[in-house]
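Structure below; questions to follow.
The values are calculated or read from the model by the stated rules, or taken from the named source; none is laboratory data. The model shown is predicted, which means the values in this text are computed figures rather than measured ones. All Cβ positions, even for glycine, are placed from backbone atoms using ideal geometry, and neighbour counts span all protein chains on display.
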Amino acid sequence: MKFIGFLAMSKNRLSIRPVIEPFWQQCMVAMLLLLIMMHTSCRKDPDQPRPVLNDTTIYAAGIYVLNEGLFNQNNAGLTFYNFSDSTAETDYFFNKNGRGLGDTGSDACIYGSKLYIVVNVSSQLEVVDAASGISLSRIPLFNGSKPRQPRKISPYGKYIFVCNFDNTVAVIDTARLEVISLIEAGRNPDGITAAYGKIWVSNSGGLAFPAYDNTVSVIDPETFTEVSRFTVGINPYTIRPDGHGNLYLISRGNYDDVKSRLQVLDASGNLVKTFGEFEALGFAIAGDTAYVYNYDWNSGKSSVMVINTLTMQPEDTEFIKDGTPVRAVYGIAHDPATDLIYISDALNFTGTGRVHAFDKAGNRQFSFNTGINPSGFAFLHRMNIQGN
Amino acid sequence: MKSNVTVTVLLLAFLISRATAQEPVTDTLMLKGVEIASEKISRKELTSFPLQSLSATQIASVAGNSVADALKTFSGVTLRDYGGAGGLKTVMVRSLGAQHTGVFIDGAPVSDIASGQPDLGKFPLGNLEEVSLNVGVGGSEPMPARARSGASVINLRSIKPDFGKFKTRGNAGIRGGSFGLINPFLRLDHKTGTGSWFGIEINPLFSKGDYPYLVDNGPAGSARLKRGNGDLTSLAANLSFSAKAGDSSEVRVFARFYNAERGLPGAVVFYNPHSSQRLTNKDLSLGFQLMSDSKRTSLLTNACWSYAWLRYLDPDYLGYDHSLDNRYLQQELHLSQAGTFNISRHFSASLASDFILNAFSGSQYNTDPWRGSFLLSAILAHQTRNTGAEAGFLASVIKDSGKDPSEEALTHKVSPYFSLSVRIADVPSLRLRMMYKHSFRMPAFNEMYYALVGNPGLLPEAAQQLNTGLLGSYAPFKGLLFRLSADAFFNRVHEKIVAIPTQNLFVWSMQNIGEVRTRGLDIQLDASAALGRRGKASVNLAYTYQEASDISDKNSSDYGNQIPYIPWETFSAMFQLVHRSFSIDYNLLFNGYRYVSSENIPQNLLPSWWISDAGLAWSPEAGRYKYRIKAGVTNLFDKDYVVIRSFPMPGRGFVISGAFNF
C-alpha cells in the first residue's frame, strides 16, 4: 500500500508532500493525471523535426544540457542556459519540479513541444514541457519489477524510440505518453537514430564484456519489427546519419587492444569505412562536416577533429582554434538555429562541468557551467514557446 | 616533515640519556600474557602513542550487532557503514583509508586481500573483553610485525574463562529486535585438565533488514519506503583449545568460522526500488599460537591459515546470460615469530618477523594473483617512572605476482617509528607524549587486478603520522576519577590510491595520484564516580576535529578541499549509571557534515547527524549464576541519516536480550 501511494504521489507533480494519500485522494490524482494526458493529447506533435535553417522566425531560446551525474548518486540533472539573459541554471529540473531526475541521465531530445529525458539507472523516461521545464509525465520502463535500463532516444513520426539495455527498443506514443510496443534488438543497445525511413540501433553487448556484440539492428517504424541486422565493429555506440545515405557510428572496441573507432555504414548495411588512424569516442554532424572528439584516458588529452562527410577524409585534426582548454571532452552537439558547435567538458568527472560554444571556425563564443558530467544537449527554439 | 623527525630524534636521544639515571621502574610497562585490571588502566595512561579501549562493561552498553558499533565511539574514527545488519562496515582512522588499519583477534590477524580491510560487521560484539584501537601501533609487548605495519591496529580480545572451582562455564542467550533481528548466542568453556580448556562459541544472526527509510528527493519526490533485499543470515563460530605447557608457556589452537548469506539492498535509486543481488561468504581460519613468558623474554609464535570464499550473484544482470555470478577465493598463510627481550631494567627490545602468503582467484580477475610478504620489525623501548621512549622500524620485502617484467619485481621499504612520553606532574598525573610513524599499505588485489578497473602497476600508499598529546588523570577524592587525553595530530598521505574514470564513466581505474594532508585534534575525557557502595556513574566523551585536505594537484580547483567522507567534527558520548543490579546506558554519536567528493559544493554535501541509543539492563547474581536482561532502543529519536550517500541507515529500533551466565 505504501508503495502504491508512493507511485501515485510521484506522478502527481502537484502534490508537494511525501504523504501516503487515502484512496479517494489517489482517485483524484488519477483523474488529474487523466486530465493532464487529455490536455497533452490535444497538442499535435509534428511528424518530422521542424526545418530550421535560415528561417528568420526561429532563433535559439535556450539550451538544455543533460548532466549524467554519477552512478548511484541520484544526481542526474538538467542545466538550462537562457539566451535572453545569458545565464545558466543548474538543477533546473529540480527547481521547476521539486524533485530530481534520478540516477544517471543518459540521453535527451526535444521533439515537438516536449523535452524527453532518458534516466538510465532510475529506468525512467521523463517527459517535460520544453518551454516551461515542468514535467508532464514520468514513464517507468520496467519489465515487471526489473528495470529495463533505457539508454538512448530517437524521435520518429508520432513516436519516441528508446533503446534499453535489456535488449529491447520501447516505442512511446508522443500523444498518449505511454509505451505502445517493445521490439527485440541485439544485446545491450547503446545507440539509436532515425534515418532513411528506419530506426537504427547499435547493439553494444557492453554488459557481457569481453563477449561484446557487434551489430546494428534496423527497425521498421511502421511495423515495429526488426527487419535486418548488420555487422559493424565490436561494442558499437553513438550512431547518426550524415544526410548522404550513410550512417556514422562509434565502435568502442574492448578498451584494450581493439581501439574505439569511427566507422561509416551505408543504408544497405555495408561497412564503408573505418577510420583506423585515430580514436574516437563521439561526434556530431552538421551539414557535410562531422566533428569527432576523443579523450585519451592514458594521456588525459582531449581532441576534436573535423571530417568531411562527402570525401570521408579528415579535414582538420584540431577544430578548436583559439586554444580554449577542454580537459575531458564529454559530449558534442550542433544547434542548427545558431549554427554553433557545443562541446561539453566533464573536467574531473566528479564535479561541476562546463560547456563551450564554438563557431564553425573553431573560435569560442561563450561558455557556461553545468552539473556533473554534461553529456546530452537539447536546443530550445523560440518558435516552440507560447508566450513565455 | 623532515625537521619534525629530526626534532623527535633529538628529543628522544636527550630523554634517553636523561632517563637512564632515573630510579627503578615501579609502574612497569612490560605486559605479560595475562593482565590485571589495574595494569590495563595504567597502560592506557602511560602509552606514548594514542591508545583507546572499551572494557567489557562498556562493550555491553554499546547498542549494535558488531564491533563496528563499538569502534565508532572512539575518537578519530570515521565509520563507513552501508546500513543494516548486512551492510558493509569499515573504519577509517584519522582520515587514513580503511586499508591502513589492521584488525587482530586475540593476536591473530584477520584480513581481506581483495578489498584491504575485512568487513567489521563479521565480528559479533558479545564475548569480547576488550576492544582497543592503537594508533601508531607502539608498545613493547610481543606482537606480529604485521600488526606494526599498519598506521593503526584494532585489537579484539575474547573473554578468558575464569573457572574458579567449576569445570564448565559459559553463557547462553538471545537477542531479538526490530527489522527481524534474531540473534541467539552460546559460549561454553570446559576445563580438560589443570591448565587446559576447550572453548566453543556459536553466534547465529538473522535479520530481515527491512527498515523504513526516507527517499530524500525534494518536496515533490520524497517518500518513505522499506528497504528491500536487506536480509542477512550469518553464523559466526569459534572453537579453541588452550593448554599451559610448563610454567610460563601457553599453547592455543583455534578455528574461526564465518558463513553468511545476504541480500545487497544497493543504493537508493530514485523511482527504481528494485534490488536482487546476493552475497555469500564462507570463511574459515585455523590458527596456532604459542606464548611463553620468562623473566627476560616473552615470545609469541603465530601460525594461521585462512580461507575466504565469496560469491556475488546478480540474477537480473543484463549481460549475456541475464545473470552475473562471480566467485572469489582467497587464502592466506601467516607465520610470525615475535619476542620481547628485557635487556636491562629499563631497556627492552621487541623483535618480530612475519611471512605472509596471499593467493587469490576470482571470476572477475584476469590472473590468479599471489603476494608474498616478509616483514621484520624491531622496537627498542626504554621505560622509567618518568619517561618512556620507543624507537624502531619495520622492514618489508613484498613480491607481487602481477607486476610487469618492466616494473620493479620487489617492493621493499623501511618504515621508522619513534615515540616518547614524559611525566610532568604526579598529582594530578600529567604526561606529554609524542609519536611519529611511517607506514604504508599495499594496494588491495581488487585495486590491482579487478577486470577493467585494476592496475597492476600500483605503488603502495604511504602514510606519515605525527602525534603530540597530553595525558592526565586526577582523582580529587576516593571514588572519583577524571582522565583526559588531548592529542594534536598531523598526517600526510603520499601516492594515495584514487579511482578515476577510464574508458567511460562505468569503468574506473586506480592511480597513485592522491596527496592528503591532515591536521587534527583528538580529545577524550572520561570521568567515573562511585555512588554509594553499590552504584557507579561514568561518562566517556570523545571529540575529533580534523582537516583532511586534498593537496594532490595545485592547479585543481579542489586543491586544499576536505577529502570525501571525512567530517570535520565527530563526537561521541557514553553515559552509564549503575545501581545495584540495574544499569542505564545512553550513548550519543555525532558526525559533522562532510562531502562525498573533494569538490566541496552543496550538491556533494551530506548533512550532519546526531544519533542516540539508550538501554536499560537488569543483571542479578545468584551464586555462580548471573542473569542479564536488557532492553535497548537504537536511534532513539528516529533520525533519518546516511553515512554513505544513497545508503540510508535504520531509524528507531528496539532490541531485547536475555543472557544466562553459568
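Of everything in region B:214-230, what is more than 28 Å from the chain's Cα centre (by Cα) and either among the hydrophobic types (A, V, I, L, M, F, W, C) or more than 9 Å from chain A (Cβ to nearest Cβ) (or both)? Give them in sequence order.
Quick first cut of region B:214-230, residues more than 28 Å from the chain's Cα centre (by Cα) only: B:214-226, B:228.
The answer is B:214, B:215, B:220, B:223, B:225, B:228.
Separate question: Keeping to region A:172-231, report how many residues are away from chain B (no Cβ under 14 Å) and small (Gly, Ala, Ser).
Matching residues across region A:172-231 total 8.
I'd like the full set of residues that are in a strand (DSSP E or B) and either of a type in the set (A, V, I, L, M, F, W, C) or more than 25 Å from the chain's Cα centre (by Cα) (or both), limited to region B:383-407.
Taking region B:383-407 as the starting set, the residues that turn out to be in a strand (DSSP E or B) are B:383, B:387-400.
The answer is B:383, B:387, B:388, B:389, B:391, B:393, B:394, B:395, B:397, B:398, B:399, B:400.
Taking residue B:225, is it in contact with a helix residue (DSSP H, G or I) (Cβ under 7 Å, 6 or more places away or on another chain) and part of a strand (DSSP E or B)? Quick ask: steps written out before the conclusion?
Numbers: in contact with a helix residue (DSSP H, G or I) (Cβ under 7 Å, 6 or more places away or on another chain): yes; part of a strand (DSSP E or B): yes.
In short, yes.
With the structure loaded, tell me whether residue B:248 is away from chain A (no Cβ under 14 Å), surrounded by fewer than 20 Cβ atoms within 10 Å (Cβ to Cβ), without any contact (Cβ under 8 Å) to a residue 60 or more places away in the chain and farther than 27 Å from residue B:315 by Cβ or whether it fails that test.
Against the criterion (away from chain A (no Cβ under 14 Å), surrounded by fewer than 20 Cβ atoms within 10 Å (Cβ to Cβ), without any contact (Cβ under 8 Å) to a residue 60 or more places away in the chain and farther than 27 Å from residue B:315 by Cβ), residue B:248 qualifies.
With of a type in the set (A, V, I, L, M, F, W, C) and either outside any strand (DSSP E or B) or more than 13 Å from chain A (Cβ to nearest Cβ) (or both) as the only criterion, which of B:548, B:499 stands out?
Values: B:499 fails: either outside any strand (DSSP E or B) or more than 13 Å from chain A (Cβ to nearest Cβ) (or both).
Among B:548, B:499, only B:548 is of a type in the set (A, V, I, L, M, F, W, C) and either outside any strand (DSSP E or B) or more than 13 Å from chain A (Cβ to nearest Cβ) (or both).
Additional query: For the condition surrounded by 21 or more Cβ atoms within 10 Å (Cβ to Cβ) and within 14 Å of chain B (Cβ to nearest Cβ), what is the one hit in A:300, A:351? Steps first, answer last, please.
Numbers: A:300 fails: surrounded by 21 or more Cβ atoms within 10 Å (Cβ to Cβ).
When all the criteria are applied, what remains is A:351.
Can you tell me which residue among A:149, A:124 is at positive phi and either modelled with pLDDT of 95 or more or charged (D, E, K, R) (or both)? Spell out how you get there, then give the answer.
Values: A:124 fails: at positive phi.
Checking each option against the conditions leaves just A:149.
Looking at B:209, B:170, B:176 in this structure, which one is away from chain A (no Cβ under 14 Å) and under 21 Å from residue B:157 (Cβ atoms)? Lay out the reasoning, then the answer.
Working: B:209 fails: under 21 Å from residue B:157 (Cβ atoms); B:176 fails: under 21 Å from residue B:157 (Cβ atoms).
Of B:209, B:170, B:176, the one residue that is away from chain A (no Cβ under 14 Å) and under 21 Å from residue B:157 (Cβ atoms) is B:170.
Would you say residue B:234 is over 17 Å from residue B:125 (Cβ atoms) and among the polar types (S, T, N, Q)?
no
May I pose another question? For the subset of region B:270-312 comprising residues that are within 14 Å of another protein chain (Cβ to nearest Cβ) and among the polar types (S, T, N, Q), which member is nearest to residue B:340 (Cα to Cα)? Before you say what the answer is, go through the steps one by one.
To start, the set of residues in region B:270-312 that are within 14 Å of another protein chain (Cβ to nearest Cβ) comprises B:270-277.
Add one more test, that the residue is among the polar types (S, T, N, Q), and what stays is B:272, B:275-277.
Working: B:272: 58, B:275: 52, B:276: 52, B:277: 48 Å.
Here the answer is B:277.
Quick check on region B:315-331. Is at least one of its residues in contact with an Asp or Glu (Cβ under 7 Å, 6 or more places away or on another chain) and closer than 29 Å to residue B:141 by Cα? Explain how you work it out, then say what you get.
Quick first cut of region B:315-331, residues in contact with an Asp or Glu (Cβ under 7 Å, 6 or more places away or on another chain) only: B:318, B:323-324.
Going one step further and asking which of them are closer than 29 Å to residue B:141 by Cα, we end up with none.
Looking through region B:315-331, none of the residues is in contact with an Asp or Glu (Cβ under 7 Å, 6 or more places away or on another chain) and closer than 29 Å to residue B:141 by Cα.
Hey, can you tell me all the residues within region A:219-232 that are at negative phi and surrounded by fewer than 22 Cβ atoms within 10 Å (Cβ to Cβ)?
Our first condition is that a residue be at negative phi; within region A:219-232, this holds for A:219-223, A:225-232.
Scanning region A:219-232 gives A:220, A:221, A:222, A:223, A:225, A:226, A:227, A:228, A:229, A:230, A:231.
On to the next question. Scan region A:114-125 residue by residue and report those that are at the interface with chain B (Cβ under 9 Å from one of its Cβ atoms) and part of a strand (DSSP E or B). Reasoning before the result, please.
The initial filter retains those residues of region A:114-125 that are at the interface with chain B (Cβ under 9 Å from one of its Cβ atoms), namely A:119, A:121-124.
Selection gives A:119, A:124.
Could you list all residues from region A:248-277 that are within 25 Å of residue A:377 (Cα to Cα) and of a type in the set (A, V, I, L, M, F, W, C)?
Passing the criteria: A:249, A:250, A:262, A:264, A:265.
Suppose we filter A:337, A:333 for residues that are over 26 Å from residue B:513 (Cβ atoms) and in a strand (DSSP E or B); which single one remains?
Working: A:337 fails: in a strand (DSSP E or B).
It is A:333.
Which residues, taken from region B:278-311, are hydroxyl-bearing (Ser, Thr, Tyr) and in contact with a Ser or Thr (Cβ under 8 Å, 6 or more places away or on another chain)?
Restricting attention to region B:278-311, the residues satisfying the condition of being hydroxyl-bearing (Ser, Thr, Tyr) are B:280, B:285, B:292, B:294, B:297-298, B:301, B:306-307.
Scanning region B:278-311 gives B:285, B:292, B:294, B:297, B:298, B:301, B:306, B:307.
On the given criteria, is residue A:307 under 28 Å from residue B:601 (Cβ atoms) and touching a strand residue (DSSP E or B) at 6+ places or on another chain (Cβ under 8 Å)? First the steps, then the outcome.
Numbers: under 28 Å from residue B:601 (Cβ atoms): no; touching a strand residue (DSSP E or B) at 6+ places or on another chain (Cβ under 8 Å): yes.
For residue A:307, the condition - under 28 Å from residue B:601 (Cβ atoms) and touching a strand residue (DSSP E or B) at 6+ places or on another chain (Cβ under 8 Å) - is not met.
Within region B:230-245, work out how many residues are surrounded by fewer than 17 Cβ atoms within 10 Å (Cβ to Cβ) and small (Gly, Ala, Ser).
3
Just give me the residues in region B:634-651 being of a type in the set (Val, Ile, Thr) and buried (at least 20 other Cβ atoms within 10 Å of the Cβ), in sequence order.
Correct list: B:634, B:642, B:643.
Working carefully through the options B:657, B:598, B:581, find the one that is within 14 Å of chain A (Cβ to nearest Cβ) and farther than 25 Å from residue B:223 by Cα. Can you show your working first?
Working: B:657 fails: within 14 Å of chain A (Cβ to nearest Cβ); B:581 fails: within 14 Å of chain A (Cβ to nearest Cβ).
Unique residue meeting the criteria: B:598.
Also: Could you tell me whether region B:440-455 includes any residue that is part of a loop (DSSP other than H, G, I, E, B), closer than 30 Å to residue A:255 by Cα, touching a helix residue (DSSP H, G or I) at 6+ places or on another chain (Cβ under 9 Å) and without any contact (Cβ under 8 Å) to a residue 60 or more places away in the chain? It would help to see each step written out before you state the result.
Applying the first criterion (part of a loop (DSSP other than H, G, I, E, B)) to region B:440-455 yields B:442-444, B:451-455.
Applying the additional criterion that residues be closer than 30 Å to residue A:255 by Cα yields B:442-444, B:451-455.
Keeping just the survivors that are touching a helix residue (DSSP H, G or I) at 6+ places or on another chain (Cβ under 9 Å) gives B:442-444, B:453-455.
If we keep only those that are without any contact (Cβ under 8 Å) to a residue 60 or more places away in the chain as well, we get B:453, B:455.
Yes, region B:440-455 has at least one match.
Check residue B:411 against each of (1) in contact with a Gly (Cβ under 7 Å, 6 or more places away or on another chain); (2) of a type in the set (Ser, Thr, Tyr); (3) within 18 Å of residue B:353 (Cα to Cα) and name the one condition it does not meet.
(1)
Separate question: Residues in region B:462-470: is at least one in a loop (DSSP other than H, G, I, E, B), touching a residue at least 40 places away in the same chain (Cβ under 8 Å) and over 27 Å from residue B:117 (Cβ atoms)?
Filtering region B:462-470 for residues in a loop (DSSP other than H, G, I, E, B) gives none.
No, region B:462-470 has no match at all.
Counting only residues that are at the interface with another protein chain (Cβ under 10 Å from one of its Cβ atoms) and of a type in the set (S, T, N, Q), which one in region A:79-107 is farthest from residue B:274 (Cα to Cα)?
Checking each candidate, the answer is A:90.
Here's a follow-up. Kindly indicate which of A:292, A:306 is at pLDDT 95 or above, under 27 Å from residue A:70 (Cβ atoms), of a type in the set (Val, Ile, Thr) and not in a loop (DSSP other than H, G, I, E, B).
Details: A:306 fails: under 27 Å from residue A:70 (Cβ atoms).
That would be A:292, the only listed residue that is at pLDDT 95 or above, under 27 Å from residue A:70 (Cβ atoms), of a type in the set (Val, Ile, Thr) and not in a loop (DSSP other than H, G, I, E, B).
So, in region B:258-269, of the ones that are crowded, with 17+ Cβ neighbours inside 10 Å and part of a strand (DSSP E or B), which residue ends up farthest from the other protein chains (Cβ to nearest Cβ)? Reasoning before the result, please.
Filtering region B:258-269 for residues crowded, with 17+ Cβ neighbours inside 10 Å gives B:258, B:260, B:262-269.
Right, trim to part of a strand (DSSP E or B) and you get B:258, B:260, B:262-264.
Numbers: B:258: 27, B:260: 23, B:262: 18, B:263: 14, B:264: 12 Å.
Checked region B:258-269; the qualifying residue farthest from the other protein chains (Cβ to nearest Cβ) is B:258.
Kindly provide the set of residues from region A:249-271 that are of a type outside the set (S, T, N, Q) and in contact with a Pro (Cβ under 8 Å, 6 or more places away or on another chain), ordered by number.
Of all residues in region A:249-271, those of a type outside the set (S, T, N, Q) come to A:249-250, A:252-253, A:255-259, A:261-262, A:264-267, A:269, A:271.
If the condition is that a residue be of a type outside the set (S, T, N, Q) and in contact with a Pro (Cβ under 8 Å, 6 or more places away or on another chain), then A:249, A:250, A:252 are the ones that fit.
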